[in-house]
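In what follows, a single structure is set out as structure tokens and then discussed.
Here, each number is a calculation from the coordinates, and none is a lab measurement. Model, not experiment: these values are computed from the prediction. FYI the Cβ positions are ideal-geometry reconstructions off the backbone, even for glycines, and counts take in every protein chain you see.
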Amino acid sequence: MQKLKGQWKSLFLNLNPALLLLIVFPLTNCDKDPSSDPEKLISYLSKPSLAMYGDSIVASWPVEEQLSDFNIVKFATPGIDTNKILSSVQNDKNRYNACLYEGGINDFLLNYSPTQSQVDATINRQIQSIQILLTRCEHVVALNLWNIKFPWPTVAVAMITAEMKEKINFVPRIDTELMIQDDMLTDGNHPNKNGYYILSKAVREKFKPFFPILYLND
């Protein structure tokens, strides 16, 4: 592995700068520029890109520390619902090695008696977003909802989770209600550092078969 890395390093260091730029640009699949430092450039190019779409859960995710095997792009704002997440998905035209979808709780803030039709509408927007992602992401993973506490919309979340298990079965799905415990939440909803660690581990496990580089840091 060290010999192979050295060969790649030698190749990049001896390339004409203009030619290097032409190679780097189409490979990044990301909206942030790679570093001009050769060592960092090699590291950057060796990582798969991961776009994450969602609400405050994704926005607060400590990806630099816990998902450093990926070049991360976040499309996430606290408080947004699945309508706005869908808009983010529709407006982003870039391509990625991997994508993650999360969202749904904010559709039902202060709504403690959701109807089935309301839940169905949320699921349909989730499905629409994921289907779009499948057209430009090599691999897509969906994150379902975990058990939350009042005053968050507990009934709606339980209904959404059940519907996701039934209808979002065309991409790998992380069933987080089996992983996230009460002591991993800061306010009955948002994960603490340990909760995010569990989520990050699950994300890596889902993508591992597709990206051999993820095995190197184990």
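Data for the structure
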{"item": "Residues with amide H under 5 Å from that of Arg173, placed H, sequence gap 5 or more", "result": "Ala142"}
{"item": "Compactness of the range 100-209 as Cα Rg over 2.2 N^0.38 Å, two decimals", "result": "1.06"}
{"item": "Whole-angstrom gap from the range 129-157 to the range 45-98, using each part's C-alpha centre", "result": "13 Å"}
{"item": "Contour excess over end-to-end distance, with Cα ends at Lys201 and Gln90 and 0.36 nm allotted per residue", "result": "37.2 nm"}
{"item": "Interchain or long-range residues, amide H under 5 Å from Ile72's placed H", "result": "Leu50"}
{"item": "Distance in nm between pseudo-label sites at Ser113 and Gln128 (7 Å out along the Cβ direction from Cα)", "result": "2.8 nm"}
{"item": "Extension gain, Phe170 back to Ala121 (0.36 nm per residue minus Cα-Cα distance, nm)", "result": "15.8 nm"}
{"item": "Relative contact order (%) - the range 46-214, alpha-carbon pairs under 8 angstrom, separation at least six", "result": "22 percent"}
{"item": "Among the listed pairs Lys84/Lys165; Lys47/Lys149; Lys84/Lys201; Lys74/Lys201, those beyond 25 Å (Cα-Cα)", "result": "Lys47/Lys149; Lys84/Lys201"}
{"item": "Note, ³J(HN,Hα) from phi for the range 118-131, Karplus 6.51, -1.76, 1.60, rounded to Hz, x at Gly and Pro", "result": "5, 5, 4, 5, 5, 4, 5, 5, 4, 4, 4, 4, 5, 5"}
